[in-house]
Amino acid sequence: MNRIFKALISCTLLALIAVPLTGCSVNPATGKRSFTLMSWEKEKALGLAAAPQMTEAFGGAVPDAAVGDYAWEVGAKLVTGVEEGVPDLDWEFTVLNSPVINAFALPGGKVFISRGLADKLESEAELAGVLGHEIGHVTARHSNQQMSAQLGLNFAIGAAAVAVGVSDPDSDVRKYGQLGLPAVAVGSNLFLLKFGRSEELEADMLGMRYMARAGYNPRGQLEVMQILADASRGTDRPPEWLSTHPLPESRIDRIQDLLAGEYATTQGNPSFVERREEYRTRMLDRLDNLPPAPAPTPQEQAQANAYLNAMLYCQHCREAVN
C-alpha cells in the first residue's frame with residue numbers, strides 16, 4: 001500500500017508541476033488566497049451574455065415592475081456593504097416568473113430569485129437573506145473558483161494518466177498507477193463536492209455580513225433556511241459528503257452560531273429591521289394579484305428537484321458560463 005501511495009503522489013506531482021501558478025490573488029470579500037482563471041471583467045462579460053437566456057429560460061421577469069423595483073431596492077442596500085477591492089459590478093436583481101423554489105447568481109452581479117421562493121418568504125429581511133447569499137457567491141467569485149478548480153483537477157488527472165501511459169511496463173508507476181488513477185478521479189470529484197459545500201456556508205456568512213451592514217436583522221437568513229427545510233421534508237436526500245450542498249441542519253447550526261456570536265448585538269436591537277408588513281404589501285400582495293406563473297419547463301423542474309434533494313436555495317448556473 002505504501003508503494004501504491006508513493007506512485008500516486010508521483011503522478012499527481014508530475015501533473016501539478018505543469019499547472020501555471022498565475023491568477024492567484026487574495027479575495028477582498030473572503031480574505032482568502034484563491035486561484036482564478038478569469039478576470040473580473042471576464043466575469044462581467046459572461047454574466048451579461050448569459051443573463052437574458054437565463055431570464056427567458058425561467059419564465060421571464062414577473063409582469064409587475066413594482067415587484068422588480070422592490071427587489072432592486074433591497075439588493076442595492078446590500079451591495080453598499082460590499083468590501084473595498086471588489087470592483088464596480090453590473091448588479092441586477094430580477095424576480096423570475098417561475099413557480100419553482102430557486103435563486104441563483106451569475107458572475108459579474110446578475111442575481112435572480114424565483115417567484116416561487118419569494119412567495120414563501122415572510123419579511124424583507126428574509127428577502128435580504130436570499131439576495132445577500134447570492135451577492136456573497138458573486139463577491140467570493142465562487143463560479144470562477146469552481147471552473148478553475150475543475151480545470152486544474154482535469155489537467156492533473158490527464159497528465160497523471162499520460163505519465164502512467166508512457167512509463168516502463170514493469171515499473172511501479174505503470175503497475176500501481178493503473179489501479180490508482182480511478183481512485184484519484186473519484187477523490188477529485190469528492191473534493192469538488194466538498195468545495196461546493198464550503199462555498200454555500202461561506203455565502204451564508206457573507207450574506208449575513210451584508211444584511212447587518214445594510215441594517216437588516218441577520219436572523220432573516222436563519223428563517224430562510226427554516227422555510228426551505230420545511231419545503232424539503234419528505235424528499236430523499238443523499239449523504240452530506242456526497243452532496244454539493246450542506247444539509248439544512250448544517251447550515252442552520254452554522255447560522256445559529258453566528259447569531260449567538262458575531263451578530264449577538266443585532267438580536268433584539270431595533271436598528272436591525274425585519275419589515276414584515278412592508279414585504280407583505282410590496283411583494284406578497286402584488287404577487288397574489290398576478291396571473292399564475294406558467295408551468296415550469298423541464299429545466300426548471302430539474303433544478304427544483306435538485307434544490308429539494310440537495311437543499312440548495314441557489315444555483316451557480318455553471319452550465320451557462322462554461
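Throughout, read-outs are computed from the coordinates displayed, never taken from laboratory work. Values in this document were obtained by computation on a predicted structure and should not be read as measured data. Note that each Cβ is placed from the backbone with ideal geometry, even for glycine, and that neighbours are counted across all protein chains shown.
Annotations
- Ordering of 42-53, 200-211, 105-116 by packing is 105-116, 200-211, 42-53, highest average first (other Cβ atoms within 10 Å, averaged per residue).
- Taking the Kirkwood radius as Rh and the Cα radius of gyration as Rg, segment 69-121 has a ratio of Rg/Rh equal to 1.01.
- Span from the segment 40-60 Cα centroid across to the segment 83-117 one, whole angstrom: 10 Å
- Cleavage-rule hits (GluC sites (Glu not before Pro)) in segment 73-134: DSSP loop, at most 13 neighbouring Cβ within 10 angstrom: GLU84
- Taking amide hydrogens as placed 1.01 Å from N in the peptide plane, the amide H of ALA61 sits under 5 Å from those of ASN97, each at least 5 positions away in sequence or on another chain.
- Its Kirkwood hydrodynamic radius, worked out from the mean inverse distance over all distinct Cα pairs, puts segment 16-138 at 15.5 Å.
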